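Everything below concerns the one structure shown next.
The values are calculated or read from the model by the stated rules, or taken from the named source; none is laboratory data. Computed from a predicted structure; not experimentally measured. Every residue, glycine as well, gets a Cβ built from its backbone with ideal geometry; the counts of neighbours run over all protein chains shown. Heads up: the accessible areas ignore ligands, DNA and RNA and are worked out on the full protein's heavy atoms, side chains in. Shrake-Rupley method; radii C 1.70, N 1.55, O 1.52, S 1.80 Å.
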Amino acid sequence: MDYKIINNLSGTDNHSTRLKELFRESDTVILTSPFLMPDFADFFGEVDFSQLKNIHLITTLSPKSFDQIKKINSLISFIEFPDIKDKKVISQISLNNKLHGKIYIFKKDDNYVSAIVSSANFTDSGLSRNHEWGIEISDKVEIKKLEASILDSIEFSNLSFDEVYRMQKATTDFIAQQPQTEAREIDLKLTDLLSSSSWTSQLNDTIEFWLKPIGVTDNPVTEDRLFDKLDDELNFSKLRPNGVKPNDILIAYGVGTTKILAIYRVTSFPISATEEEIEEDEWLERWPWYVQAHNLTPNFGSTWATHNLWINSLKDEFLATNPDEAITAVGGQTLGALNYGKDKLKLSPDFAKFIIDKVVAINDR
């Protein structure tokens, strides 16, 4: 039986890269993973969907676990990805609450192209950063047996879009009634991040880095706007910003100008605006979720318009000296996912720190 080993140990030659290659070669994909990335657009925004006709997602939805809340918002991002939402690609979501394996199967014209059996979950860390190993096989008889065993183990075969939306409402109502549920799961220790640029030396592996657009196409950021407030609230869309947690770093850039505006440290879990607040401010109907954040670069934020730190120029500069490195957490080298109206994009730590160093050097002058 022909096989090859896949791992995440060598730059961008990892699970993420191989999955994207197989998407390009296939018209039918089965993704089987208990854990999922918070926002599918992070990955799908870098995938060639030109041949894809069908995609079947099999995952868990474990009762009495906070993962239910994270998972539902992930599934919302799956069904709202444009090609799936517009039915250009026929989708199916199934559940198997005993699932632990991670298996990815690819077909073309009803023939098996390849299958990957791996330790790597369908998450940004699983596909590109964690030390994961997988075996890719091409034996069609074995892949057929593998697919049959996966399908036979399904408990709920086909969640409708309406069912997913109903479950999202239930999780939103639950969080509104018990807002501290997620907080009990962490041991938060605040550090010197508030006081000086020494915070850059404390960026450890528990921190995640997000590129956060500020403004929208019909209301872009203008160069007379300042980002020098020490504490602020940064808004997100109707989809709860799963994955964003206290101590994470948000790198804000302006829609329209595309320049970096400021760097923030998140100080709260996501909070939803109340019905009363939305009634008072119609803008919150579109952007009801927010996190509280501390501005780590207020000096830069007061003069951002005079500095030519354009996000795409920073990307090109980084890749020019690091051609094999990723700029997104899912192992990509483009910011294409932002074209789908995303309100955040998780960056690779190396690219994020590259931007941070540039901004801090100006902030501390």
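Applying the selection to segment 320-365, what residues are open to solvent by 10 Å² or more (accessible area, probe 1.4 Å), more than 13 Å from the chain's Cα centre (by Cα) and aromatic (Phe, Trp, Tyr)?
Matches in segment 320-365: Phe354 only.
Select from segment 285-326 the residues that are touching an Asp or Glu at 6+ places or on another chain (Cβ under 6 Å) and either part of a helix (DSSP H, G or I) or without any contact (Cβ under 8 Å) to a residue 40 or more places away in the chain (or both) and list them in ascending order.
Pro298, Gly301, Ser302, Ala305, listed by residue number.
Looking only at segment 293-302, decide whether some residue is surrounded by fewer than 18 Cβ atoms within 10 Å (Cβ to Cβ), closer than 26 Å to Ala41 by Cβ and touching a strand residue (DSSP E or B) at 6+ places or on another chain (Cβ under 6 Å).
Checked segment 293-302: no residue is surrounded by fewer than 18 Cβ atoms within 10 Å (Cβ to Cβ), closer than 26 Å to Ala41 by Cβ and touching a strand residue (DSSP E or B) at 6+ places or on another chain (Cβ under 6 Å).
Test Lys189 against the criterion of being outside any helix (DSSP H, G or I), open to solvent by 80 Å² or more (accessible area, probe 1.4 Å) and at pLDDT 75 or above, and give yes or no.
Values: outside any helix (DSSP H, G or I): yes; open to solvent by 80 Å² or more (accessible area, probe 1.4 Å): yes; at pLDDT 75 or above: no.
Against the criterion (outside any helix (DSSP H, G or I), open to solvent by 80 Å² or more (accessible area, probe 1.4 Å) and at pLDDT 75 or above), Lys189 does not qualify.
Tally the residues that are touching a strand residue (DSSP E or B) at 6+ places or on another chain (Cβ under 9 Å) and either of a type in the set (S, T, N, Q) or surrounded by fewer than 20 Cβ atoms within 10 Å (Cβ to Cβ) (or both), restricting the search to segment 215-225.
Applying the first criterion (touching a strand residue (DSSP E or B) at 6+ places or on another chain (Cβ under 9 Å)) to segment 215-225 yields 215, 220-223, 225.
Among the residues that remain, those that are also either of a type in the set (S, T, N, Q) or surrounded by fewer than 20 Cβ atoms within 10 Å (Cβ to Cβ) (or both) are: 215, 220, 222-223, 225.
Residues that pass the stated criteria total 5.
Run Ala305 past the list (1) surrounded by 17 or more Cβ atoms within 10 Å (Cβ to Cβ); (2) under 22 Å from the mean Cα position of the chain (by Cα) and report the number of the one that doesn't hold.
(2)
So, in segment 227-257, of the ones that are surrounded by fewer than 19 Cβ atoms within 10 Å (Cβ to Cβ) and among the basic types (Lys, Arg), which residue ends up farthest from the chain's Cα centre (by Cα)?
Out of the qualifying residues, it is Lys229.
Can you find, within segment 259-280, the residue that is most open to solvent (accessible area, probe 1.4 Å) among those that are under 25 Å from Arg225 (Cα atoms) and either in a helix (DSSP H, G or I) or without any contact (Cβ under 8 Å) to a residue 12 or more places away in the chain (or both)?
The extreme case among them is Glu280.
For segment 125-138, indicate whether the set of residues that are of a type in the set (Val, Ile, Thr) and either surrounded by 21 or more Cβ atoms within 10 Å (Cβ to Cβ) or in contact with a Pro (Cβ under 7 Å, 6 or more places away or on another chain) (or both) is non-empty.
So in segment 125-138, the residues of a type in the set (Val, Ile, Thr) come out as 135, 137.
Retained after the next criterion (residues that are either surrounded by 21 or more Cβ atoms within 10 Å (Cβ to Cβ) or in contact with a Pro (Cβ under 7 Å, 6 or more places away or on another chain) (or both)): none.
Looking for residues that are of a type in the set (Val, Ile, Thr) and either surrounded by 21 or more Cβ atoms within 10 Å (Cβ to Cβ) or in contact with a Pro (Cβ under 7 Å, 6 or more places away or on another chain) (or both), one finds none in segment 125-138, hence no.
Here's the yes/no breakdown for (1) of a type in the set (Gly, Ala, Ser); (2) closer than 24 Å to Asp324 by Cβ; (3) assigned to a loop (DSSP other than H, G, I, E, B):
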site: Val117; (1), (2), (3): no, no, no
site: His131; (1), (2), (3): no, yes, yes
site: Glu136; (1), (2), (3): no, yes, no
site: Lys145; (1), (2), (3): no, no, no
site: Ile150; (1), (2), (3): no, no, no
